[in-house]
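Structure first, then comments.
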Amino acid sequence: VQVTAQFDHVDEADLAYRIGFADEVVIPMQIENGGQAQATIPAQVAGSLIRFRLIANSDGVEGTWPRQGDGAKYLGTVVQKTGQTETDLPTIQWFMPDELYEEARYDSTLHGDDGYPAVFVLDGVVFDNTTVRIKGNQARSNRKKKWKVTLPYGYTWNAGGQLENNVSEFDLMPAATDKSFSREILTY
């Protein structure tokens, strides 16, 4: 994955990236005249989550992109699988460390905007710093959980243009008899 950026008045820049939930790796970017910079993230296997951010220094002052205070710390991509079937339906991918998911799926104490950190990829757009939690009252004890998904501050999604308005949170609500675990219409 090659990352290209355009900088103004920058002395040096680095690309920080993470593959899945591994530790962050920082590599220098090559800045050319005109402020264009490039760095390459090594090839990864299909289905891999790749997140990255830029770090730049100008006269001893550090800045990042996404900028500090943004709802997300990283942007990114998922390596496509070859031969993947095309669809007009919204595509949702949910990434979370296994041990954290195991903790989240049994935690029925959270309410409101509290949640566990996750990464959602919606129609190919990475939403880093998303939170998820079990939703509902009596349904919290059901085998099939209902999940509340809250996107990072300042980010919205419109299900590939299928929603009339953009949403910053939505629910995944499976019916009790549904073997796919999320057949009910997404709600917001």
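The values are calculated or read from the model by the stated rules, or taken from the named source; none is laboratory data. All values derive from a computational prediction rather than experimental measurement. We place every Cβ from the backbone using ideal geometry, glycine too, and count neighbours over all the protein chains shown. Just the protein is used for accessible areas: all its heavy atoms, side chains included, with ligands, DNA and RNA removed. Shrake-Rupley method; radii C 1.70, N 1.55, O 1.52, S 1.80 Å.
The residue list THR131, THR156 contains one member that is polar (S, T, N, Q), surrounded by 12 or more Cβ atoms within 10 Å (Cβ to Cβ), modelled with pLDDT of 80 or more and out of contact with any Phe, Trp or Tyr (no Cβ under 9 Å at 6 or more places or on another chain), which is THR156. Every listed requirement among (1) closer than 30 Å to GLY161 by Cβ; (2) in contact with a strand residue (DSSP E or B) (Cβ under 7 Å, 6 or more places away or on another chain) is met by ASP123 save one, (2).
Name the pairs: first residue in region 89-102 and closer than 18 Å to VAL78 by Cα, second residue open to solvent by less than 50 Å² (accessible area, probe 1.4 Å) and outside any strand (DSSP E or B), Cβ to Cβ under 7 Å, at least 6 apart or on different chains? These pairs meet every condition: PRO90/ALA159. On the stretch given as region 1-10, residues that are touching a residue at least 60 places away in the same chain (Cβ under 8 Å) and under 18 Å from the mean Cα position of the chain (by Cα) total 1. A residue that is over 15 Å from the mean Cα position of the chain (by Cα) and modelled with pLDDT under 95 can be found somewhere in region 114-127.
MET173 passes every criterion in (1) under 17 Å from the mean Cα position of the chain (by Cα); (2) of a type in the set (A, V, I, L, M); (3) buried (at least 16 other Cβ atoms within 10 Å of the Cβ) apart from (1).
On the stretch given as region 11-25, residues that are part of a strand (DSSP E or B) and either over 21 Å from PHE127 (Cβ atoms) or in contact (Cβ under 8 Å) with a residue 60 or more places away in the chain (or both) total 4.
Out of all the residues in region 88-107, is one or more in a strand (DSSP E or B), of a type in the set (Ser, Thr, Tyr) and modelled with pLDDT of 80 or more? Among the residues of region 88-107, not one is in a strand (DSSP E or B), of a type in the set (Ser, Thr, Tyr) and modelled with pLDDT of 80 or more, which makes the answer no. If the condition is being open to solvent by 60 Å² or more (accessible area, probe 1.4 Å) and part of a strand (DSSP E or B), then region 26-60 contributes VAL26, PRO28, GLN30, ILE31, GLN36, GLN38, THR40.
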